[in-house]
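Report on the following structure.
The values are calculated or read from the model by the stated rules, or taken from the named source; none is laboratory data. As the structure is a prediction and not an experimental result, all values here were calculated from the model. Note that each Cβ is placed from the backbone with ideal geometry, even for glycine, and that neighbours are counted across all protein chains shown.
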Number of protein chains: 2
Amino acid sequence: MPQGQPVAVPDDGLTTRARRNTPVLAVHTGPGKGKSTAAFGMALRAWNAGMSVAVFQFVKSAKWKVGEESAFAALGRLNAEQGLGGAVEWHKMGKGWSWIRQPRKSDSPDDHAIAAADGWTEIAGRLAEQRHDFYVLDEFTYPLKWGWVAVDDVVDVLLNRPGAQHVVITGRDAPQRLIDAADLVTEMRCVKHPMDAGRKGQRGIEW
Amino acid sequence: MPQGQPVAVPDDGLTTRARRNTPVLAVHTGPGKGKSTAAFGMALRAWNAGMSVAVFQFVKSAKWKVGEESAFAALGRLNAEQGLGGAVEWHKMGKGWSWIRQPRKSDSPDDHAIAAADGWTEIAGRLAEQRHDFYVLDEFTYPLKWGWVAVDDVVDVLLNRPGAQHVVITGRDAPQRLIDAADLVTEMRCVKHPMDAGRKGQRGIEW
C-alpha cells in the first residue's frame with residue numbers, strides 16, 4: 001500500500017519526529033483470516049529493525065501456529081549467533097506458561113481462566129519494566145471476552161505503559177474499550193474461505 | 001483463530017488428504033492495513049514448512065517494505081547455509097526487475113506499465129515450470145486495475161497452473177474475476193489508523 005500523507009496534523013505540540021516514535025497499540029480483529037498472520041508479519045519487520053520481540057499466545061493447543069514459532073526461533077538464533085535483528089521470546093499458554101515452574105495438568109475451564117490471568121499479569125509486569133520493544137498478544141481478545149482478564153485493567157496498563165513499547169493484540173470481537181484505546185485497528189473480513197468448500201487446514205498454509 | 005471444521009464436505013470425490021494438498025490462491029484486498037503484512041506472514045510459515053518462496057513486488061519505490069526484504073534475505077541465508085526452511089527469492093519492480101539486464105532509467109507511466117507486464121510474463125513462465133512453491137504477488141492488483149496486465153490472462157494462468165503452487169496476491173480493489181477465481185479472499189478494513197491523527201509511518205512498524 002503506498003504510504004499516504006496524514007489527513008490532518010494534530011495540534012498536540014509534538015514534532016513529526018516525536019509522533020513517529022510514539023509507541024503503537026494495534027488491534028487486529030474481525031472474523032476473517034490474517035489477524036495473527038499480519039501480527040507476525042509486523043513482528044518480523046520489528047525484528048528486522050532490531051527490536052526485541054516477545055510473543056504471548058493465549059491458545060490452548062500446542063498444535064497452532066507452530067510454523068510461526070519455529071520461524072521466529074530461527075530468527076532468534078540469528079540474533080543470538082550473528083547479531084542480526086532483535087531478540088525473540090515466544091511464550092504460549094498451552095498447559096501452562098513457560099515461566100511457571102509447575103505446568104498445569106488438568107484441562108478444566110477454571111485452569112484456562114487462571115492461566116490467562118497469569119499471562120496478563122506477567123505481560124503487565126514486563127511492560128512496567130520495559131522488557132521488550134514489540135509485543136504480540138495473540139488471541140488475547142478471547143480471555144477478555146470471557147471475562148478471564150479485566151478489560152479496564154488491560155486498557156489502563158496499555159495506555160500508561162512507559163517508553164516506546166509497541167503492542168499488537170489479535171482475536172475476534174475485540175472489546176470496544178480496547179478499540180477506543182488503540183492507535184491502529186484493522187478488521188479482517190472473510191470474503192471467501194477454502195473451508196467453505198470442505199477443505200481442512202494444510203501445513204505451510206494454515207499452520 | 002481456532003481451527004474450525006469444514007461447514008460442508010464437498011461431493012467432489014477427493015479425499016481429505018487430496019483436498020489438503022490443493023494449491024491455494026489467496027487474495028488480500030480492501031482499504032485496511034495488513035494485506036501485504038499478512039501475505040509475508042504466510043510466506044514465513046511456508047518458508048518454515050520448507051517451501052521455496054518467491055516474492056514479486058509490483059511497487060515503484062525501493063523504500064517500501066525493506067524490513068520484510070531484509071528479514072527474508074536472512075531467512076534465505078539460513079536456508080542456504082544451514083538447510084533450514086525453504087529457499088527465498090525477492091524481486092521488485094522498482095526501476096526494472098532484477099532479471100532484466102538493462103534497468104530502466106526513465107520514470108514515465110509507460111515504463112511502469114511495461115515493467116508490470118514484464119513482471120507478470122516472468123511469473124507466468126515460472127508458474128508453468130513450477131519454479132517455486134509459494135508466490136507472493138505484492139500490490140499486484142494495481143497493474144490489473146490500471147489495465148497494464150490483462151485480468152483474463154492472469155486468471156487463466158492461475159487457474160491452470162500445474163502442481164501445488166500457492167499464490168497470494170495483495171492490493172486494494174481486487175478485480176471481481178480474480179476474487180471469483182481465488183480460494184481464500186480476505187478484505188482488510190481500516191477501523192482506525194494513526195495517520196488519521198497526523199502520524200507518519202515509522203521504522204519497524206510501517207516499513
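Of (1) free of Cβ contacts under 8 Å to residues at least 24 places away in the same chain; (2) surrounded by 17 or more Cβ atoms within 10 Å (Cβ to Cβ); (3) not aliphatic (A, V, I, L, M), A:W148 satisfies all except one. Which?
Here A:W148 meets the rest and fails (1).
Restricting region B:37-90 to residues that are under 15 Å from B:L137 (Cβ atoms), touching an Asp or Glu at 6+ places or on another chain (Cβ under 6 Å) and more than 7 Å from every other protein chain (Cβ to nearest Cβ), which is modelled with the lowest pLDDT?
Across region B:37-90, the extreme among qualifying residues is B:V59.
Please verify whether region B:133-145 includes one or more residues that are within 12 Å of chain A (Cβ to nearest Cβ), out of contact with any Gly (no Cβ under 9 Å at 6 or more places or on another chain) and within 24 Å of A:E187 (Cα to Cα).
Residues of region B:133-145 that are within 12 Å of chain A (Cβ to nearest Cβ), as a first pass: B:133-134, B:136, B:138-139, B:141-142.
Cutting the leftovers down to out of contact with any Gly (no Cβ under 9 Å at 6 or more places or on another chain) gives us B:136.
The next check asks that each one be within 24 Å of A:E187 (Cα to Cα); those that pass are B:136.
For region B:133-145, residues within 12 Å of chain A (Cβ to nearest Cβ), out of contact with any Gly (no Cβ under 9 Å at 6 or more places or on another chain) and within 24 Å of A:E187 (Cα to Cα): present.
Please specify each residue of region A:156-173 satisfying the condition of being at negative phi and in contact with a Lys or Arg (Cβ under 9 Å, 6 or more places away or on another chain). Give the derivation first.
First, pick out the residues of region A:156-173 that are at negative phi: A:156-162, A:164-170, A:172.
Passing the criteria: A:Q165, A:V167, A:T170, A:R172.
Whether any residue in region A:101-121 is assigned to a helix (DSSP H, G or I), modelled with pLDDT under 95 and surrounded by fewer than 14 Cβ atoms within 10 Å (Cβ to Cβ) is what I want to check.
Yes - at least one qualifying residue is present in region A:101-121.
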